[in-house]
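**Q** Supplied in structure tokens, the structure appears directly below.
The values are calculated or read from the model by the stated rules, or taken from the named source; none is laboratory data. Keep in mind the model is a prediction, meaning the values are calculated, not measured. Glycine also receives a Cβ, built like all others from the backbone with ideal geometry; neighbour counts cover every protein chain displayed.
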Amino acid sequence: MTTITTNSQFAIELKNIVKTYEKSQTESLEVLKGISLKIPHGQFTSLMGPSGSGKSTLLQVMGALDVPTNGEVIVNGSPIHKMDDQSLTLFRRRHLGFIFQFFNLLPTLTAQENVALPALLDGKSFHELKNKVKDLLSQLGLGDRLNHFPHQLSGGEMQRVAIARSLINQPLVILADEPTGNLDSKTGNEVLAMFRKLTKENNVTVVMVTHDLNAANVGDKILRLRDGLIDAETLASSSLTTPNKNILQTPQSH
Ligand SMILES: Nc1ncnc2c1ncn2[C@@H]1O[C@H](COP(=O)(O)OP(=O)(O)OP(=O)(O)O)[C@@H](O)[C@H]1O
Ligand SMILES: [Mg+2]
């Protein structure tokens, strides 16, 4: 994979993001209370905070999967809060890789079809994608699960299929919601090393939600969300010094 061409100084810029859920006609829940932040290209940011503090909500706002009640979201220089649905769909598919907390795999597609899907939707044929899909799944230890359906996979295996899917279109930004939550420590470390390598060598930006401080410390920065605001920003101390070479040879080329 070649280094990402960027259009702006920051990969992600949030300006005064507010997200309110209406609980009833009279009651509302303000989950995000005016968050502003700037994430440079190539940075690996970990997002931590208690359950219910709004981490998934914030990630979904960054990925234009959820609309903020107020505020601006600028990704690679594009004000995505101003885009119409069609432009957003294309933007997400081409530039963002999303790993959901609950995977969101399509149950009627096999592992390799799920991984290929974002590229198929972008007009590529399965034939031209087949080798790349197989390489990605093999690197994630699923070379012998290509034709399994999600219900025939373990939770950790589904997680890895979702990770492979997020990488198929060589995204500019990877938004990962607890990507290692279901993985054993060895596989988890390999996924973290893969993110580390993509950020350092390919200028990809990763924002990862995690409850695991060791995982968070593999990144560059740790942001802590509390009571609807980022209440702390610290530098991470990388704990992975010798990344696994095999997993790092992501077969991506622009
Ligand atoms: N669609 C919704 N309608 C109403 N409330 C919601 C909705 N989605 C989320 N919430 C509420 O917003 C808050 C933040 O949710 P969110 O999923 O962002 O938390 P989180 O930090 O990711 O938690 P966890 O660590 O448990 O995954 C929670 O209190 C949740 O109940
Ligand atoms: Mg969550």
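**Q** Just to be sure before I move on: is Gln86 farther than 30 Å from Gln152 by Cβ and among the polar types (S, T, N, Q) in the structure I sent?
**A** yes
**Q** Counting only residues that are of a type in the set (Lys, Arg), over 30 Å from Leu58 (Cα atoms) and in contact (Cβ under 8 Å) with a residue 40 or more places away in the chain, how many does the range 126-178 have?
**A** 1
**Q** Can you give me the number of residues within the range 44-65 that are in contact with a helix residue (DSSP H, G or I) (Cβ under 7 Å, 6 or more places away or on another chain) and under 24 Å from Lys197 (Cα atoms)?
**A** Residues flagged as in contact with a helix residue (DSSP H, G or I) (Cβ under 7 Å, 6 or more places away or on another chain) and under 24 Å from Lys197 (Cα atoms) within the range 44-65 amount to 5.
**Q** Looking only at the range 1-45, which residues are polar (S, T, N, Q) and closer than 25 Å to Arg94 by Cβ?
**A** Residues of the range 1-45 that are polar (S, T, N, Q), as a first pass: 2-3, 5-9, 16, 20, 24-26, 28, 36, 43, 45.
Answer for the range 1-45, where residues must be polar (S, T, N, Q) and closer than 25 Å to Arg94 by Cβ: Thr2, Thr3, Thr5, Thr6, Asn7, Ser8, Gln9, Gln43, Thr45.
**Q** Would a scan of the range 43-54 turn up a residue that is within 13 Å of ligand 2 (Cβ to nearest atom), more than 16 Å from the chain's Cα centre (by Cα) and not in a loop (DSSP other than H, G, I, E, B)?
**A** No, the range 43-54 has no match at all.
**Q** Continuing with this model, one more query. Could you pull out the residue among Ile35, Ile74, Ile39 that is more than 11 Å from ligand 1 (Cβ to nearest atom), under 22 Å from Asp212 (Cα atoms) and at pLDDT 95 or above? Steps first, please.
**A** Values: Ile35 fails: under 22 Å from Asp212 (Cα atoms); Ile74 fails: under 22 Å from Asp212 (Cα atoms).
Result of the check over Ile35, Ile74, Ile39: Ile39.
**Q** Identify, from the list Val191, Val173, the residue that is under 22 Å from Ala116 (Cβ atoms), away from ligand 2 (no atom under 16 Å from the Cβ) and at pLDDT 95 or above.
**A** Within the list Val191, Val173, the selection yields Val173.
**Q** Same structure again: Can you go through Leu137, Leu109, Leu142 and tell me which one is farther than 17 Å from Gly97 by Cα, at pLDDT 95 or above and buried (at least 19 other Cβ atoms within 10 Å of the Cβ)?
**A** Step by step, each of Leu137, Leu109, Leu142 is checked, and only Leu142 is farther than 17 Å from Gly97 by Cα, at pLDDT 95 or above and buried (at least 19 other Cβ atoms within 10 Å of the Cβ).
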